[in-house]
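Notes follow once the structure below has been shown.
The values are calculated or read from the model by the stated rules, or taken from the named source; none is laboratory data. Quick caveat: nothing in here was measured; it's all calculated off a predicted structure. FYI the Cβ positions are ideal-geometry reconstructions off the backbone, even for glycines, and counts take in every protein chain you see. Quick note on the areas: whole protein, heavy atoms, side chains included, nothing else; ligands and nucleic acids left out. Shrake-Rupley method; radii C 1.70, N 1.55, O 1.52, S 1.80 Å.
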Amino acid sequence: EITALLSLYGGQFSSEQEIHGNSPFWILGLPSEEMARGLMRRTVCAKSVFELWGHGRSAGELYTSLKSYPVDKMLPYLQSDSSYKIHIHTFNKTLTQAQKIQKIDALEFLPFKGKVNLKNPEHIFWILEDYGMDPNKVPEEPFHLYFGRWIADGQRELIESYSVKKRHFIGNTSMDACLSFIMANHGRVKPNDLVYDPFVGTGGLLISSAHFGAYVCGSDIDYNTIHGLGKASRKNQKWRGPDENIRANLRQYGLEQHYLDALVSDSSRPVWRKGTLFDAIITDPPYGIREATRRTASQKETVKSADRSTENPIFVSSNYHLSDIFFDLLKFAAEYLVMGGRLVYWLPVYRPEYTEEIIPQHPCLKLISNCEQMLSSHTSRRLLTMEKVKEFKDEDQDSSLSAGQYLPYRGHNSFREKYFSGVKKRIAKEEKDNQK
């Protein structure tokens, strides 16, 4: 997420970041404080950003680093008519109050002239200490120490304020608010972008993009979901209410002006005019358990099928294999994304057989990031971010996936049996408990 936002706002990781790759404290190179504030107005992963005045592997190195920091950069924040306070934050260790005071007193060589104000200071300074990532092996002394001036906090409060638990319209697979904002940041969504979700469901992914100022739209094959009809997914509620729909969700958060519309449509048969339309495509394709993988049947399949879908009054549907879902998704993104636009989506993975070769590829799309979310010891899903780097041409029409990437998903039934081993039982138990 941070890397994506750095590429959006400008800036880069410090060369020292490679040395401290496992540290929760990262050193970034940003050209201005305003850019740092812009970064923190977006991120839900980072907690805070500081102007770094000094750092070292020991207290002595930290003090030496602070003494070499230019005094003219310090003085504006140390004036006699200003107020300040100093915080101490230790990662993976708890200090006593006496230890904290001792560390603060050791900074008396800094030219502080203002008054201490613990309740409402003008400037806040932090001592950050890194005691490693292993709670079972906490060292006596920190691996690294930092001192800096606090600039801004991240947007972690969005996770609670946009919680699915408080949302007006939800479905079986409504995306978690934190992941939704991370996906929008991976897609580098910015004001006035046009963002599309081809498997929109209840529109959870549209909300985060709209929050960042984009205009959002989506489509889904499920007539009932798009129109807010049918059985409710919320506990102790049998049927959806007349005002339960995607638009109502965006209205709930004051984002209705960014909502274009959602339409009933089959993602395997795009209804859009030819050309580059979307700045980002952010989606969570169905995996076939809690949400069915369906598409409209071909004419041959329609003749063979005697059953019309009971959930959807319009479409006669057929199976939509996982392999075909990702094949069509990448092809659609290659054709309809603007140059430099991003596709962000989830890929289900059976961990014992996972290799990078199974990741879908397209000649017009470059893989930017591949992040894993563990679900169990055998299953996970990967958040894939791809960027359009080449204009789509007719010869790319049938070259979306090489045989190497495509074949692992051809065994659709066996893949699903492995991936959802145990998942069906857990879902059945949840539904039984909900009924109780």
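Values computed for the structure shown
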item	result
Neighbours by Cβ (under 6 Å, 6+ apart or cross-chain): first from segment 160-181, of a type outside the set (Val, Ile, Thr); second assigned to a loop (DSSP other than H, G, I, E, B) and surrounded by fewer than 19 Cβ atoms within 10 Å (Cβ to Cβ)	Gly171/Ser233; Asn172/Ser233; Asn172/Arg290; Ala177/Ser163
Boolean, Val49 is of a type in the set (A, V, I, L, M, F, W, C), in contact (Cβ under 8 Å) with a residue 40 or more places away in the chain and closer than 30 Å to His211 by Cα	yes
Members of segment 213-227 found to be out of contact with any strand residue (DSSP E or B) (no Cβ under 7 Å at 6 or more places or on another chain) and either aliphatic (A, V, I, L, M) or surrounded by fewer than 20 Cβ atoms within 10 Å (Cβ to Cβ) (or both), listed by number	Gly213, Asn224, His227
Positions within segment 234-289 being surrounded by 15 or more Cβ atoms within 10 Å (Cβ to Cβ) and without any contact (Cβ under 8 Å) to a residue 24 or more places away in the chain, in sequence order	Arg247, Arg251
Which listed residue is over 27 Å from Glu122 (Cβ atoms), of a type in the set (S, T, N, Q) and at pLDDT 95 or above, from Ser65, Ser58, Ser14	Ser58
Enumeration of residues in segment 188-199 that are open to solvent by 10 Å² or more (accessible area, probe 1.4 Å), closer than 20 Å to Ala177 by Cβ and hydrophobic (A, V, I, L, M, F, W, C)	Phe199
Leading residue by the ranking (most open to solvent (accessible area, probe 1.4 Å)) among those in segment 38-67 that are farther than 20 Å from Gln155 by Cβ and in a loop (DSSP other than H, G, I, E, B)	Arg57
Residue check, Thr173 surrounded by 19 or more Cβ atoms within 10 Å (Cβ to Cβ) and not hydrophobic (A, V, I, L, M, F, W, C)	no
Those residues of segment 230-264 which are in a loop (DSSP other than H, G, I, E, B), aliphatic (A, V, I, L, M) and touching an Asp or Glu at 6+ places or on another chain (Cβ under 9 Å), in sequence order	Ala232
Scope segment 130-142; condition within 18 Å of Leu52 (Cβ to Cβ) and assigned to a loop (DSSP other than H, G, I, E, B); matching residues	Pro142
Residue within segment 143-152 that is at pLDDT 95 or above and not in a strand (DSSP E or B) present	no
Segment 96-129 - residue that is free of Cβ contacts under 8 Å to residues at least 12 places away in the same chain and part of a loop (DSSP other than H, G, I, E, B) and, of those, most open to solvent (accessible area, probe 1.4 Å)	Lys119
